[in-house]
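The values are calculated or read from the model by the stated rules, or taken from the named source; none is laboratory data. Bear in mind the structure is a predicted one, so any value in this text is a computation, not a measurement. With ideal geometry, Cβ positions are generated from the backbone for all residues, glycine too; neighbour counts draw on all protein chains shown.
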């Protein structure tokens, strides 16, 4: 069995001293609390009728009880002049009520504590609320690391399917704006009748608001933006002669949103190269554009594209009423 060490004189002295200090602190807190209660009773009995229940003032004495005097100065002033009339408070009551007034509403600290919250400063606008929620959710996700380069990582395939064993070119495209005509992305390794391309990276929004994303192409296209499961634009199976596809999305300024765009040149997604041989090669073009909030439409510029693949950004999509700007 392990023997317990015999306490030394030093340890006993430290324990005794600590106990005395703790007892003194608790006693001081108790006395202070009792003094405040006593001071509050004196204030309600002798002062509240003139100065208000919380020192806010009354019709007779409109000035609130706030200032920068010390408790001692308050006590001396109350002792020689309060309440009005021939009878003054005893010194003990003057000291108690001075301490209560100082702690309850007089001192600068008490003033700040009692100051009501300002609605105009605490309320968030719709934009501030969206940004706050995005920042909060984003703090639990990996921090995106953006490549210093600008543009999108591009892959070009020699078939209509985007298969790795059919890939011919890997490069960085500054933007998606191509008019191949009847040619292919390169002279060698491609069939002008059918080829495909994929662009990966992220889109950095320069403004907060509703964006209209526009794809112009006469072949199969689809695009995912900030949602890896559901395409924002999906025209992989074409019908008719439509060459312009639009979709809207709300984006927050400064955020990088994961972007994936795919293109396939073929006849409605069917591999009919043998039938096409001898026929005129159909032209092909592909442009990715946007219309930023309150601005004209333009191709998405290189400065707003990065080859880095970032996590999805949580953006509140709930419709909100207009901001009330009557305050703030």
Quick one: would you say residue 206 is modelled with pLDDT of 95 or more, surrounded by fewer than 19 Cβ atoms within 10 Å (Cβ to Cβ), assigned by TED's automatic domain parsing to the domain that holds residue 301 and in contact with a helix residue (DSSP H, G or I) (Cβ under 9 Å, 6 or more places away or on another chain)?
-> yes
Given (1) under 21 Å from residue 308 (Cβ atoms); (2) out of contact with any helix residue (DSSP H, G or I) (no Cβ under 6 Å at 6 or more places or on another chain); (3) surrounded by 13 or more Cβ atoms within 10 Å (Cβ to Cβ), index of the condition residue 178 fails | (1)
Does residue 277 qualify as being within 20 Å of residue 185 (Cα to Cα) and modelled with pLDDT under 95?
-> yes
With respect to residue 149, determine if the residue is in a loop (DSSP other than H, G, I, E, B), at pLDDT 90 or above and within 30 Å of residue 253 (Cβ to Cβ).
-> yes
The one condition residue 109 fails out of (1) within 21 Å of residue 52 (Cα to Cα); (2) surrounded by 11 or more Cβ atoms within 10 Å (Cβ to Cβ); (3) free of Cβ contacts under 8 Å to residues at least 12 places away in the same chain is (2)
Criterion violated by residue 136 - all others in (1) within 30 Å of residue 250 (Cα to Cα); (2) surrounded by 15 or more Cβ atoms within 10 Å (Cβ to Cβ) satisfied = (2)
So which of 184, 159 is touching a residue at least 12 places away in the same chain (Cβ under 8 Å), over 19 Å from residue 305 (Cα atoms), touching a strand residue (DSSP E or B) at 6+ places or on another chain (Cβ under 8 Å) and not in a strand (DSSP E or B)?
-> 159
